[in-house]
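Undergrad: I have a structure I would like to understand better, so I am pasting it below and will then ask my questions one at a time.
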Amino acid sequence: MTPQPDAGGHFGSYGGRYVPEVLMSPLEELERAFCEAREDPAFHAELDELLHTYAGRPTPLYFARRLTQTLGGARIYLKREDLLHTGAHKINNCLGQVLIARRMGKKRVIAETGAGQHGVATATVCALFGLECVVYMGEEDMRRQRLNVFRMRLLGAKVVAVSNGSRTLKDAISEAMRDWVTNVATTHYLLGSALGSHPYPLMVREFHKVMGEEARAQIQQAEQRLPDAVFACVGGGSNAIGIFHAFIPDRSVGLIGVEAGGRSARLGEHAARFSGGSPGVLQGARSYLLQDENGQVSLTHSVSAGLDYALVGPEHAWLHDTGRAEYVSIGDRQALDAARMLSQTEGIIPALESAHAVAEAASRASQAKGQVFVVNLSGRGDKDIDIYRENFRELDS
Amino acid sequence: MTRIGRLFENLKRSGGKGLIAYITAGDPTPEHTPALVEALERGGADLIELGVPFSDPIADGPVIQRAGERALRAGTTLRKVLDIAREVRRRSEIPLLLFTYLNPVLRYGLEALAKDAAASGIDGCLLTDASVEEAGEYVRIMRAAGLDTVFLAAPTSSPRRQRLVAQYSSGFVYLVSHTGVTGERETLSDAVGPLVRSMRSITELPLAVGFGISRPEHVAELGQQVEAVVVGSAIMHLIERNLDNPSLEVQLESFARELKHGFEMAKAGAHRP
Ligand SMILES: Cc1ncc(COP(=O)(O)O)c(C=O)c1O
C-alpha cells in the first residue's frame with residue numbers, strides 16, 4: 001500500500017482541506033512546523049521524556065485472565081491507556097501538539113471536547129507550559145461529563161458552554177473553529193482526534209502511534225506472536241488509528257474499529273458512520289458522514305460522549321474502503337454491560353468509549369479459541385460514574 | 001458572460017459601484033424570500049447572494065447561524081433555493097450568486113447542480129469551505145455550465161494563495177475584510193487595504209469586500225477602494241428583528257437605499273476641496 005496521506009493530506013479520496021480561506025495559511029504554517037519538528041531529534045527527545053516521566057509511558061499490555069476465562073475463548077490483552085496521566089490516551093497527542101504550539105510561538109490554546117478527556121488533557125499541558133487555555137464543550141456533554149468540566153477549571157482552563165445544535169462534540173468543534181478563524185495569529189487549535197483538515201489527521205496519528213508500536217512489541221514478548229485481532233472504539237478515530245497504525249503492514253492481524261450503535265439503527269439515534277452514513281464534508285475533511293438526503297448533517301446519539309459525532313476520521317474511511325480494517329457498531333446497552341463485566345472480572349472500570357471495544361471483543365471471544373485479541377482500553381471510567389449509577393440503579397441503594 | 005460579468009462591465013462604464021446583498025434563503029420561510037430579494041433590489045442592491053442554509057456553518061457568526069436555523073426549520077433545501085431563484089427570475093434580471101457550504105452541493109451532485117442552477121437563472125456559486133486545492137472538479141463543472149465561481153481571499157492569504165484564488169475565480173473575487181466569522185462590526189479593519197492593493201497587482205477581476213460591513217459609512221469608505229461591497233449580517237439582523245412585521249419589505253428597501261447612498265457620500269467627500 002502506498003504511504004498515506006499524500007502531500008495534500010488525502011487518504012485515498014478522503015481527508016484533504018475543506019476550510020474557509022482564512023484558515024488555509026494557518027494550516028500551511030502548522031504543517032510546516034509539524035514537518036520540521038518531525039525531523040528534529042531535540043523535539044523527539046523532549047516529547048519522549050515527557051511521555052515517559054510525565055504521562056507514564058510505556059503503558060502495560062495486561063493479560064485479562066479472568067475476563068478470558070469468563071468468555072472461554074480468545075486470550076484477551078488490554079492496552080492500558082487508562083493508566084496514563086489524566087486517564088486516557090488523549091494526553092499523547094496533547095503533549096506533542098503543545099510542543100508544536102510552543103515552536104510556533106502561540107501563547108493561547110483552544111480545544112473542543114466531547115467526553116472531556118481531551119479537554120482535561122489540553123488543560124493539563126497548558127498548565128504545564130503556562131499557556132492560556134479555552135475549551136469548547138457542548139452543554140449536553142457538560143451535563144453528562146460534569147467531573148471533567150470541574151477538572152478543566154481546576155487546571156486553570158476556561159470552559160465555554162456551546163448551546164448550538166445537538167450541544168455535543170460537533171457543535172463544540174464548530175465553535176472552536178470560529179474562535180480559531182478569529183484569533184489565528186495568536187492561537188493554536190489543539191484538535192483532539194484524527195479529524196479536521198490536513199495536517200491534523202496525520203499529526204494526531206503520529207502522536208498516538210506509540211500505542212500500537214508498544215503493543216506490537218509487548219504482545220510478541222508475551223505470546224511470541226502477533227495478535228489475531230486488535231479492537232478499538234472509534235469516535236473521531238484517534239485511539240483506533242494510534243493502535244492500528246503499527247499493525248497495518250501485518251496482514252494477518254485483523255483491525256476492528258467499533259463505533260457507537262446508540263439506541264437503534266435509525267438515523268439520529270446512533271453514531272455508526274460506516275453503516276449509516278455516506279461520504280461527505282464536515283469541519284475540514286471528507287469522510288463518511290451521517291447526513292440527510294439534502295446534505296444536512298444528522299444528529300447523533302451515543303451514551304458515550306466521546307463517540308457521539310457525525311463524521312469519522314478520514315484515514316479510517318480509507319482503511320474501510322480498502323478492506324484493511326473492519327468497522328462494526330455496539331449499542332448503548334451492550335457497552336454498559338461490558339463496562340460492568342470488565343469492572344467485576346478484572347477490577348478495571350473502563351471509560352464508556354472503551355467499553356464499546358471491550359463489548360465487541362467479548363462478543364467474538366467465545367468463537368475464537370486459540371486466538372489472541374488486543375483491546376485498546378483508551379480511558380478509565382471515573383468520568384462516567386454518574387452514567388453508570390443511572391444505569392445500574394440496583395447497585396446504588 | 002453571466003449577469004455578474006455584465007453588472008461589473010456596466011458599473012465600470014458608468015463609474016458606479018455595486019451593492020451586494022446577502023440573504024439567507026428561506027428565512028423566515030422559502031415563500032418569503034422572493035419578495036425580500038425584490039425589496040433589496042428596489043432599494044438599490046445590484047447583486048444578491050442567496051445563502052443556502054447548512055447545519056454546521058463554521059464561517060458564520062450568531063446572526064447568520066440563527067437565520068440558517070430558522071430557514072432549515074422552515075424546510076429550506078438547495079432544491080427549494082433553486083425554486084426561489086426561478087421565482088425571482090420571473091420578474092428580475094438581478095445577478096444571483098449561490099452562497100453555501102460544500103456538503104449540500106456534493107449531496108445534490110455537482111453536475112446536477114450546475115445544470116439545474118443554470119436553468120433556474122443562477123449566475124454563479126461561492127462555497128465557503130471549498131479551498132482552491134479541493135475545487136478543481138467543481139470549477140470545471142460550473143464553468144462548463146456557464147456559471148461563475150467566486151472564491152474568497154483573506155488577510156491571511158499568502159501571495160501564492162492570492163494568485164490561486166484569482167486564478168480559480170470568475171465574475172469577481174470576494175475579499176474578506178478581517179479574520180473572523182460573519183457578523184456586523186463597528187469599524188472596518190485596516191487589513192483590507194493591503195489585501196486590496198495586493199490583489200490589484202495580481203488580477204484584473206473586479207473586487208468585492210465583505211464580512212463586517214453594516215453601515216453606509218463603511219460602504220463609503222470601501223467604495224473608494226473596490227468595485228463592490230457585500231452586506232450580510234446587518235440585513236439578516238434586520239430581518240430577524242422584523243420576522244412578523246408587515247413593514248419588513250419596506251424596511252429592507254430603505255436599508256438597502258441607505259447603504260447604497262454610502263457610495264454617494266464617498267463621491268461627495270472626494271469632491272470636497
Ligand atoms: C477514553 C476515550 N476513548 C475514546 C474516545 C474517542 O475518541 P477517539 O476516537 O479520537 O479515540 C474518547 C473521546 O473523548 C475518550 O475519552
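Undergrad: Return the long-range amide H neighbours of A:GLY254 (sequence gap of 5 or more, or a different chain), with a cut-off of under 5 Å between placed amide H atoms.
TA: A:ALA229, A:VAL230
Undergrad: Local charge sum around A:ASP396 (other residues, Cβ-Cβ under 9 Å, Lys/Arg +1, Asp/Glu -1)?
TA: Net charge in that neighbourhood comes out at 0.
Undergrad: Among the Cys residues of the protein assembly as shown, which have no other cysteine Cβ under 4.7 angstrom away?
TA: Here A:CYS35, A:CYS94, A:CYS233, B:CYS125 come out as lacking a disulfide-compatible partner, given the Cβ-Cβ threshold of under 4.7 Å.
Undergrad: Follow-up question, since we're still on this one. Taking the Cα centre of the range A:216-285 as origin, sum charge times position over the Cβ atoms of Lys and Arg (+1) and Asp and Glu (-1), and report the length of that vector in debye to the nearest 20.
TA: 100 debye
Undergrad: Another question, then. Sequence-distant or interchain residues sharing an amide H contact under 5 Å with A:LEU282, placed H: which?
TA: A:SER287
Undergrad: Please say if chain A is rounded, prolate or oblate, where rounded means a/c under 1.5 for a ≥ b ≥ c the square roots of the C-alpha gyration tensor eigenvalues, and otherwise the choice is prolate for a/b larger than b/c and oblate otherwise?
TA: It is rounded, given that a/c, with a ≥ b ≥ c, falls under 1.5.
Undergrad: With the contact rule set at Cα under 8 Å and sequence spacing of 6 or more, what percent relative contact order holds for the range B:141-273? Walk me through the numbers on the way to the answer.
TA: Working: 192 pairs, mean separation 27.0, N = 133.
After rounding, I find 20 percent.
Undergrad: Suppose accessible area is computed on protein heavy atoms with a 1.4 Å probe; arrange A:GLU315, A:GLU39 from highest to lowest.
TA: Order by accessible area, largest first: A:GLU39, A:GLU315.
Undergrad: Mind checking which aspartates and glutamates have their C-alpha under 13 Å from B:LYS12, skipping anything on the same chain fewer than 8 residues away?
TA: Correct list for B:LYS12: B:GLU204, B:GLU227.
Undergrad: Rounded to the nearest 20 Debye, what is the dipole magnitude of the range A:141-226 about its Cα centre when Lys and Arg each give +1 and Asp and Glu each give -1 at the C-beta? Walk me through the numbers on the way to the answer.
TA: Details: 13 positive and 8 negative charges, 78 e Å.
Dipole size: approximately 380 debye.
Undergrad: How high is the relative contact order of the range A:231-300, in percent, counting Cα pairs under 8 Å that sit 6 or more residues apart? Can you show the working numbers first?
TA: Numbers: 92 pairs, mean separation 15.1, N = 70.
Rounded, it is 22 percent for the range A:231-300.
Undergrad: Mind giving me the nanometre distance, one decimal, between the label points for A:ARG66 and A:THR322, set 7 Å out from Cα along Cα→Cβ?
TA: Here the modelled spin labels are 4.1 nm apart.
Undergrad: Classify the range A:271-397 from the C-alpha gyration tensor, please: rounded if a/c falls under 1.5, else prolate or oblate depending on whether a/b exceeds b/c. Mind showing how you got there, number by number?
TA: On the way: a/c = 2.54, a/b = 1.45, b/c = 1.76.
Oblate, because a/c is 1.5 or more while a/b does not exceed b/c.
Undergrad: Given C-alpha coordinates of the protein assembly as shown, what is the ratio Rg to Rh with the Kirkwood estimate of Rh?
TA: Here the Rg-to-Rh quotient is 1.01.
Undergrad: Shifting gears a bit: Around B:GLU258, with a cut-off of 14 angstrom between Cβ atoms, what is the net charge of the other residues, counting Lys and Arg +1 and Asp and Glu -1?
TA: Taking every other residue near B:GLU258 into account, the sum is +1.
Undergrad: Hey, another quick one. Could you tell me which of rounded, prolate or oblate describes chain B, using a ≥ b ≥ c as the square roots of the eigenvalues of the alpha-carbon gyration tensor, with rounded for a/c under 1.5 and, failing that, prolate when a/b is larger than b/c and oblate otherwise?
TA: rounded
Undergrad: I want to verify a result. In a Gaussian network model of chain B, Cα cutoff 10 Å, which of these has the top mean-square fluctuation: B:GLU258, B:GLU221, B:GLU133?
TA: B:GLU133
Undergrad: Using helices alone, what [θ] at 222 nm do you get for the protein assembly as shown, with -39,500 (n - 2.57) per DSSP H run of 4 or more residues, divided over all residues and rounded to the nearest 500?
TA: For the protein assembly as shown, the value works out to -13500 deg cm²/dmol.
Undergrad: Another question, if that's okay. For the range A:36-140, give the share of DSSP beta bridges that are antiparallel, in percent and rounded to the nearest 5; count only bridges with both residues there.
TA: Counting DSSP beta bridges with both partners in the range A:36-140, the antiparallel share is about 35 percent.
Undergrad: To the nearest Å, what is the center-to-center distance of the range B:109-144 and the range A:140-200, using C-alpha atoms only?
TA: 32 Å
Undergrad: In terms of Cα to Cα distance under 18 Å, which lysines are near enough to B:LYS80, apart from those fewer than 8 places away along the same chain?
TA: Within the straight-line cut-off, B:LYS80 pairs with B:LYS115.
Undergrad: Okay, next question. Give the cross-link partners of A:LYS107 among the lysines, using a straight C-alpha distance below 20 Å as the criterion and excluding same-chain residues fewer than 8 apart.
TA: A:LYS158
Undergrad: Could you order peptides B:86-94, A:206-214, B:74-82 by the average number of other Cβ atoms within 10 Å of their residues, highest first?
TA: Result, highest mean first: A:206-214, B:74-82, B:86-94.
Undergrad: Count charges around A:ALA229 for me, please; just the other residues with Cβ under 10 Å from its Cβ, Lys/Arg as +1, Asp/Glu as -1.
TA: Here the count lands on -2.
Undergrad: Turning to a different aspect of this structure: Looking at chain A as a GNM with Cα springs under 10 Å, which of A:PRO60, A:PRO41, A:PRO227 has the largest mean-square fluctuation?
TA: A:PRO41
Undergrad: For the range A:79-200, what's the relative contact order in percent, using C-alpha pairs closer than 8 Å and at least 6 residues apart? Please list the in-between numbers first.
TA: Details: 212 pairs, mean separation 34.8, N = 122.
Computed over the range A:79-200, the figure is 29 percent.
The values are calculated or read from the model by the stated rules, or taken from the named source; none is laboratory data. Everything quoted here is computed from the prediction, not taken from an experiment. Positions of Cβ are backbone-derived with ideal geometry, glycine not excepted, and every protein chain shown enters the neighbour counts. To get the accessible areas, we keep the full protein, side chains included, count just its heavy atoms, and leave off ligands, DNA and RNA. Shrake-Rupley method; radii C 1.70, N 1.55, O 1.52, S 1.80 Å.
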